[in-house]
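Worksheet for the structure shown next.
The values are calculated or read from the model by the stated rules, or taken from the named source; none is laboratory data. Computed from a predicted structure; not experimentally measured. We place every Cβ from the backbone using ideal geometry, glycine too, and count neighbours over all the protein chains shown. Calculation scope for accessible area: heavy atoms of the full protein, side chains included, ligands and nucleic acids excluded. Shrake-Rupley method; radii C 1.70, N 1.55, O 1.52, S 1.80 Å.
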Amino acid sequence: MPANFMPSADDLLRFSPELILTIAGTLLMVLDPFFGKRAPRLFGHISILAFLAGILGALGAQSGTGFSFSNLLIVDGYATFFRILVLSIGILAVLLSYKYLDRELAETGEYHALLLFCVAGQCLMVASNDLIMIFIGLEISSIATYILAGYLRNDKRNNESALKYFLLGSFATAFLLYGIAVIYGVTGSTKLDEIRTALSQPGFSMAAVVIAAALMIVGLGFKVSGAPFQMWAPDVYQGAPAPVSVFMATGPKAAAFAVFLRIFMTSFQQISSDWEPLIWISALLSMTIGNFAALTQNNLKRLMAYSAIAHAGYILVAFAAKSDGGAAAVMFYLAAYALMNIGAFAVIIHICGKGEKNLRMEDLAGLGRTQPFTAALLTVFLLSLIGVPLTGGFFGKFYIFRAALQSNLVWLTVLGLLNSAVAAYYYLRFMVVMYMHEPGEVANTLEPLSLGLRAALVLPAIGTFFLGILPGAVLNFARASAVFTR
């Protein structure tokens, strides 16, 4: 990019979501010394307004799709879909955090600023057409998430979570960076479209490219918590503050899958026969390890961490299909998964109490009698996680397994369906405890749902039913946006 380069109006429009979030995050840090003690909820309100403005910016950018900043960024339907998804997750994360931060007497200014910076990095990732820009966005998101994982500095569990996530995340990022270096050395470019063009030339040696792809699978596999790179997730999710755990399980994962798909379906499409077996194996391992490990868990956050690993496996099934239909299924499933996972975690945050002392399965006992509304919505999310009809999870799994069958991945589809049956057992445990056990001390002493948590339950429930009854609107947009192999 020339030293005297001046961005055009189109460049700024296409970059507007990131600009809005960065300015808002900086504003919160400036305001924190003045209003942090007197109006702690003000920062949450500003964050929600910034995320809403970011969604409007993403929609405005979609009206002028194309490349920006010397082809470093690309605004297309695919980028817009994931931008809106991670921005919406940001809004729900703020709603989940109001009551939690009040209960833990935590500072709010830095927390919401970090959320804004983290989502800004994710927006940059999904709109990048260059491996270096993807890396920059990934690091912006990751560094903010490392800090959020240890946000309650006096909690030893938070400290352990942040340290494990930082050390393992840095190690995995090195693999990604090595892969980028190798592919640059081979092709002379880091732009995704130029890499694809270079690899399509006859007589091009693919050995180094396969090595680069393998290195990048390690780095991105860690970010999506796909096996065998999932070992960090249970400990980090269990130790981090509950709103941060659900945010990590949805926002960063969606952004990582977005760049995973874009890189491999664009740059590495020529060697898909080499990387497909790796994705196939990772999908099977993730589903199996996640579901069978979850069967033995009693800690709710740890159980949901293994559930997240299993759902990463389902998404990798569609990824292994190597088709536009598979990519559209990934997009749809990530939207459905974010809604049902956030809704389930909202109930966990509601019951966990100060210091997160109430995180055992037994702490849900009798919730169906003492707070039937909360229990009913949790049931909706659990049924969606299982894949019951009329929920978003049903169509998410249907499209994933259909894409796999269309690509002749019959055995992977069969094993995925069997894993879904295993998962039904531990999700149904929630309902058995809520409705068939006598109310325990936790259920009898629960306060009414706060406004923020109520919104974080109702909005995902509406979205889950919408995706389960009228999936066409989202799926059609996803299909039109997933045009990698055409």
Taking amide hydrogens as modeled 1.01 Å from N in the peptide plane, which residues meet the under 5 Å criterion relative to S128, leaving out close sequence neighbours?
I74
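With every protein chain kept in place and ligands, DNA and RNA left out, what is the accessible area per residue of the chain? Probe 1.4 Å, answer in Å².
I get 37 Å² per residue for this part.
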Could you tell me how many degrees, from 0 to 90 and to the nearest 10, lie between the Cα long axis of helix 16-35 and the main elongation axis, the longest principal axis, of the Cα atoms of the chain?
40
Under 1.5 on a/c is rounded, so check that first for segment 76-172, then, if it is not, pick prolate when a/b is larger than b/c and oblate when it is not; a ≥ b ≥ c are the square roots of the alpha carbon gyration tensor eigenvalues.
oblate
Globularity index of segment 14-481, i.e. its alpha-carbon radius of gyration over 2.2 N^0.38 Å:
0.93
Ignoring ligands, DNA and RNA, how do K354, K164, K223, K301 rank by accessible area with a 1.4 Å probe, largest first?
K354, K164, K223, K301
Keeping to pairs on different chains or 8 or more places apart, tell me how many lysine pairs in the chain have Cα atoms under 17 Å apart.
14
At 222 nm, what helix-only mean residue ellipticity would the chain give, in deg cm²/dmol to the nearest 500, using -39500 (n - 2.57) for each DSSP H run of four or more?
-25500 deg cm²/dmol
Enter the accessible area of H45 (Å², nearest 10), with the probe set to 1.4 Å and all protein chains included.
100
Leaving out ligands, DNA and RNA, and with a 1.4 Å probe, what % of the accessible surface on the chain is carbon or sulfur?
69
By how many degrees, 0 to 90 and rounded to 10, does the Cα axis of helix 131-149 deviate from the longest principal axis of the chain?
20
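Which of rounded, prolate or oblate describes segment 246-302 when judged by the alpha-carbon gyration tensor and an a/c cut-off of 1.5?
The shape class here is oblate.
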Calculate the spin-label point distance for V458 paired with A9, positioning each point 7 Å from the Cα along the beta-carbon direction, and give it in nanometres.
4.1
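Go through L295, L417 and list them by solvent-accessible area, largest first, probe radius 1.4 Å.
In descending accessible area the options line up as L417, L295.
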Can you bin segment 1-118 into rounded, prolate or oblate? Criterion: square roots of the alpha carbon gyration tensor eigenvalues sorted a ≥ b ≥ c, rounded for a/c under 1.5, prolate for a/b above b/c, oblate for the rest.
prolate
With θ set to phi - 60°, apply the Karplus curve 6.51 cos²θ - 1.76 cosθ + 1.60 along segment 451-465 and write out the HN-Hα couplings as whole Hz, x wherever there is a Gly or Pro.
4, x, 5, 4, 5, 6, 8, 5, 4, x, 5, 4, x, 5, 5
According to a simple spin-label model (label point 7 Å from Cα along Cα-to-Cβ), what is the distance in nm between L418 and S70?
5.3
Top positive-direction residue, dipole computed over the chain with Cβ charges, set I20, L364, L177:
L364
Computed lengthening from V410 to N476, 0.36 nm per intervening residue step minus Cα-Cα distance:
21.3 nm
In square angstrom, rounded to the nearest 10, how much accessible surface does E18 have for a 1.4 Å probe?
10
If I ignore ligands, DNA and RNA and count only protein heavy atoms, how much of V330 is accessible to a 1.4 Å probe, in Å² to the nearest 10?
0
Given points 7 Å out from each Cα along the Cα-Cβ axis, report the A208 to D193 separation in nanometres with one decimal.
2.5
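For R38 and R157, FRET efficiency with R0 = 41 Å and r from the beta-carbon atoms, rounded to 0.05? If you can, show how the numbers build up before the last one.
Details: r = 30 Å, r/R0 = 0.73.
It comes to 0.85.
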Helix 410-436: inclination vs the chain longest Cα principal axis, degrees, rounded to 10, gives 20
Using a 1.4 Å probe and counting only protein heavy atoms, arrange D274, D76 so the residue with the most accessible area comes first.
D274, D76
